[in-house]
Structures are given as structure tokens and as C-alpha cells.
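Inspection log for the structure reproduced underneath, given as C-alpha cells.
The values are calculated or read from the model by the stated rules, or taken from the named source; none is laboratory data. Predicted model only: the values in this text are computed from it and were never measured. Cβ atoms come from the backbone with ideal geometry, glycine included; neighbour counts cover every protein chain shown.
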Amino acid sequence: MAEFSVNFRRLSIYQDCATIHCMNWNVLGHEWAEALLKQHIARDQVRHAYLFTGPPGVGRRTLALRFAQALNCLQPPAPGEACGVCRMCTQIERMQQADLAIVAAETVGGTLKVDQVRELQHTLSLTPYEARYRVALLLRFQEAHISAQNALLKTLEEAPEKVILLLTTDAAENLLPTIVSRCEVLRLRALSVGRLAEALQDRWQIPAEEARMLAHLSGGRTGKALFFHDDPEALAMRREWGEDFVRLLTSPRRERFAYADPFRKKEREEIREIYQVWLSFWRDILLVASGAEVPIVNLEWEKDITSLAGATGPRTARICTTNLEQGLIQLDQNLNRQLLTEVLLMDWPRVSESV
Ligand SMILES: [Zn+2]
């Protein structure tokens, strides 16, 4: 469950859409971004590079792919629209089209290497094979090595004709400013939890209670919600880590030590995910303890979170939140993973069982 790899087949609801009504990209939310991109095509003002920013699962890649479809659709219903059913549209949807280059680090959290950018540059120097535009989709570009970012600068400065670069990243601040300044930046935000829950019911026929749980769990990110919906095992794993969290808070030191022990053999990616789940709990506890009117992520544990917020208070919750954020950074610095986990767990307060 390393990434919220949205299942594109499931997301592909174009077909019903085309027959029923819409003349839109069928993207959930981000209406302003969709309107802007369509306008660029319709007015023939397409820029060489676009940067889609936002948290994973928010819809950066989906929107970029819709744009690529609209750019290359064989029978666009209107300028800036995509039919969603022609060969070009369907191949781009599957990210398997000869003129669409996908560039990303091999694994999430890995490094996008300079050689990958060089190879891309070679591809982009060729005229499109069959599409109107050659599109390069550079995913999670914050993972690009500094040399790879520098190499891409050259292309951004002198992009070949008929080449469009689409970059996705978590935050523009994590890229070289010179990259950002050469792109049209589209900052995507999560939907409100209520709106996503509604859409999950209407569009994906997910039962109300599950839809509400998923909308909370994903913090309003469509891709992440659908990832958990499509992958019950990932959801079960996440639940288990949530149960561990609640149990560990009532556990004595020796049990916490025992829990941390196998961490020395765990992959860094798995530990990162566990830490992120715990972090989401501490943030929820902090929100409730400070009386913030913001939806919590872990709706299924609402009761536990409310009691834990009462038992720990905002100050402790804030310290534990900060410690975990630090822990995530330290995880990348190749520290001893078991030790790192022990230190985190020992800093947590022990809450009495009655909570
Ligand atoms: Zn089409």
C-alpha cells in the first residue's frame, strides 16, 4: 500500500458519463483548475509546463491525465473537452500511449534520477508519433534528485515544439524555485469531508456509513478514499495499526519495548506508514483536546479519541505530534529503526485502561 495507486479502471467512469450527459472531465472537485486548463486549450494558450501540487490522493495525476486527454483527443466534443472513449483517450487513461512519457522514482519515497530526465529529453526531441502533443508526466517530482531537477530546467527553458510537461508534487516549496517559476502552478486542495462522502455514495455507490468513514480517513482526498475502498487489505492493515495505537497507549513500558522489537527488521516504507497512522491519531487527539471544529481522520475511533483527548490534554498531544513528525524525518536518516520507535513509544503517556 505504498502509494494510493488509484485503480484507473475503476476511476474510469467516462463511459457512463459520455452516454448520460456530461461534457466535462468528470474530475471530482478542482473545478477552477479544470476550467483554467480547458480555457488554455480552447484559446490556444497552452503553456509548456504545468505543475499540479497537493497531498497524495488529492487528484493531481488524474487531473493531469484529463488534460493530456483533452490535448490529444481524436474527437473532442468541444475545444478543451475530451470524449473519453476514443483510442487516444483510453490509452492515455491507462497511461499507455506512445506519445505519453511517464517519469517517476521507482518507488514512493525513492529518487527520480538524472538519467531518467536525460532519457526523457531524448524522447521529447522526437516528433510526436501519432498524437498532437507529446506529453511528459513527471510524478512526485519532489523525489527528483537535485541533478535531475537541474537537468529538467533546460527543457523547461527551451521546450521543443508540441511538448507539454506535466509535473506533480506535494508542495511547490519542495522543488527548485527556478522549476516552479517556469510552470503554471495549480494548487489542488482536498474536498470537504461532507462533499466527498456524498460523491462516494452518488458516483461510486458506496454505502453511506462507509462513504463517511472513507471521506474522513482520506481527509477529503478522492484518490486516497478510493484506494482504501478498492483495497480492503490495506484498510484492514491500517485498522490494525490504529488498534495497536490505542492499545499501546494503555500498555506498560515492557510491552512497548516488545512492540518496537520487530521494527529493526521492517522495511522503512512500512514503518513510515505506521508512523503516519499514529501521527493521524495524535493529530485527531490534538484537534479534539483543543476543541477545534475540524473533522477527525479516524472516525471509527471517535470514542477512543475523545477519551484520549480528555486523558492527555492538548499539550501532550502537541508534543507527541511533533515527535512523530520528527520521527518521520529521522526515519529517512537511516537511524536504528527499533531504537527510533522505542524512543517515540516511551515518550507517550500511559493512559489508564478505563479510558
Ligand atoms: Zn477522445
### Message
So for segment 328-335 (the condition being assigned to a helix (DSSP H, G or I), free of Cβ contacts under 8 Å to residues at least 40 places away in the same chain and more than 22 Å from the chain's Cα centre (by Cα)), does at least one residue qualify?
### Response
no
### Message
Condition check: in a helix (DSSP H, G or I) and over 27 Å from residue 197 (Cβ atoms). Does residue 353 satisfy that?
### Response
no
### Task
Determine which member of the set 169, 178 is within 20 Å of residue 61 (Cα to Cα), modelled with pLDDT of 95 or more and among the polar types (S, T, N, Q).
169
#### Entry: Residue, nearest to the ligand (Cβ to nearest atom), within segment 80-114, restricted to residues that are within 29 Å of residue 269 (Cβ to Cβ) and without any contact (Cβ under 8 Å) to a residue 12 or more places away in the chain
96
### Some residue of segment 130-145 being of a type in the set (A, V, I, L, M), within 16 Å of the ligand (Cβ to nearest atom), over 28 Å from residue 192 (Cα atoms) and in contact (Cβ under 8 Å) with a residue 12 or more places away in the chain
yes
## Note on the structure
Residues in segment 249-307 that are within 15 Å of residue 337 (Cα to Cα) and outside any helix (DSSP H, G or I) total 3
### Message
I want to confirm something. Restricting to segment 21-50 and keeping residues that are hydrophobic (A, V, I, L, M, F, W, C) and in a helix (DSSP H, G or I), which single residue is nearest to the ligand (Cβ to nearest atom)?
### Response
41
### Query
Could you count how many residues in segment 51-79 are touching a Lys or Arg at 6+ places or on another chain (Cβ under 7 Å), away from the ligand (no atom under 12 Å from the Cβ) and within 23 Å of residue 98 (Cα to Cα)?
1
